């Protein structure tokens, strides 16, 4: 279940399924404009609050010591305790992943292209390959994004999205697709069982979150953050 807490009187949301530091920011806390505030809250150096350069790819990297730039990267895996990672969103689907057995986490950015490329499940598989994570142990949080009702897209996108899952029931209708539901099913089909799906839609709840579609291609972003 998603709950609200405050950072310096600014709202963020978190899931009670995960007991390490994580949250989804709202309109009143843009991380890239408030890095010192967030770093102080997390008790880390500002340079250790890291965001990759997102390009709607399925490229996934592992955080490295003294590496602060990650160009062309939409999934970032973290295994360091003195660092936090965040990715930015405005309709696309945020995915936070955590393996409590190995203390490994990740944040992935799944727009429709990332979803069509299976970035969430590919991130899990990379955690399995590099850190011996078991998908059954992983906790997945699917954050606020555009809802089924509001995500109308092309025939090409529907076709690409539909090929990523075996069970398509309930996820497609009249050129609409359920991005949260597709990401959830992708994760389920590779063995992830513990999944918490945020109920908020970035269009319906535009007072809380940014929407690229509703706000005339806004460049402002809310974020998904994880710290081990």
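The single condition from (1) in a strand (DSSP E or B); (2) touching a helix residue (DSSP H, G or I) at 6+ places or on another chain (Cβ under 8 Å) that residue 13 fails is (2).
Residue by residue, here is whether (1) modelled with pLDDT of 95 or more; (2) under 16 Å from residue 107 (Cβ atoms) holds:
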residue	(1), (2)
32	no, yes
37	yes, no
43	yes, no
49	yes, yes
55	yes, yes
59	yes, yes
69	yes, no
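Condition first: part of a loop (DSSP other than H, G, I, E, B), free of Cβ contacts under 8 Å to residues at least 24 places away in the same chain and either on the phi > 0 side of the Ramachandran plot or touching a helix residue (DSSP H, G or I) at 6+ places or on another chain (Cβ under 9 Å) (or both). Can you find one or more residues in the stretch 77-88 that meet it? Scanning the stretch 77-88, I find no residue that is part of a loop (DSSP other than H, G, I, E, B), free of Cβ contacts under 8 Å to residues at least 24 places away in the same chain and either on the phi > 0 side of the Ramachandran plot or touching a helix residue (DSSP H, G or I) at 6+ places or on another chain (Cβ under 9 Å) (or both), so the answer is no. Number of residues in the stretch 154-184 that are assigned to a helix (DSSP H, G or I) and either without any contact (Cβ under 8 Å) to a residue 12 or more places away in the chain or within 14 Å of residue 117 (Cβ to Cβ) (or both): the value is 9.
Scanning the stretch 65-76 for residues that are on the phi > 0 side of the Ramachandran plot and either surrounded by 24 or more Cβ atoms within 10 Å (Cβ to Cβ) or touching a helix residue (DSSP H, G or I) at 6+ places or on another chain (Cβ under 9 Å) (or both) returns no hits. Picking from residues in the stretch 135-147 that are outside any strand (DSSP E or B) and in contact with a helix residue (DSSP H, G or I) (Cβ under 7 Å, 6 or more places away or on another chain), the one that is farthest from residue 78 (Cα to Cα) is 146. Within the stretch 44-54, being in a loop (DSSP other than H, G, I, E, B) and touching a strand residue (DSSP E or B) at 6+ places or on another chain (Cβ under 9 Å) holds for 44, 51, 52, 54.
For the stretch 91-121, what are the residues that are over 30 Å from residue 206 (Cα atoms) and out of contact with any helix residue (DSSP H, G or I) (no Cβ under 8 Å at 6 or more places or on another chain)?
Once the filter is applied, which keeps residues that are over 30 Å from residue 206 (Cα atoms) and out of contact with any helix residue (DSSP H, G or I) (no Cβ under 8 Å at 6 or more places or on another chain), the stretch 91-121 yields 100, 101, 103.
Remark: residue 187 matches the filter, which requires a residue to be outside any loop (DSSP other than H, G, I, E, B) and either closer than 19 Å to residue 113 by Cβ or over 15 Å from the mean Cα position of the chain (by Cα) (or both).
Tell me which of these residue 126 doesn't satisfy, since it passes every other one: (1) assigned to a helix (DSSP H, G or I); (2) farther than 20 Å from residue 73 by Cβ. Result: residue 126 passes all but (2).
All conditions in (1) out of contact with any helix residue (DSSP H, G or I) (no Cβ under 8 Å at 6 or more places or on another chain); (2) surrounded by fewer than 18 Cβ atoms within 10 Å (Cβ to Cβ) hold for residue 189, with the sole exception of (1).
The values are calculated or read from the model by the stated rules, or taken from the named source; none is laboratory data. In this text, all values refer to a predicted model and were calculated from it rather than measured experimentally. Virtual Cβ from ideal backbone geometry, glycine too; neighbours counted across all protein chains shown.
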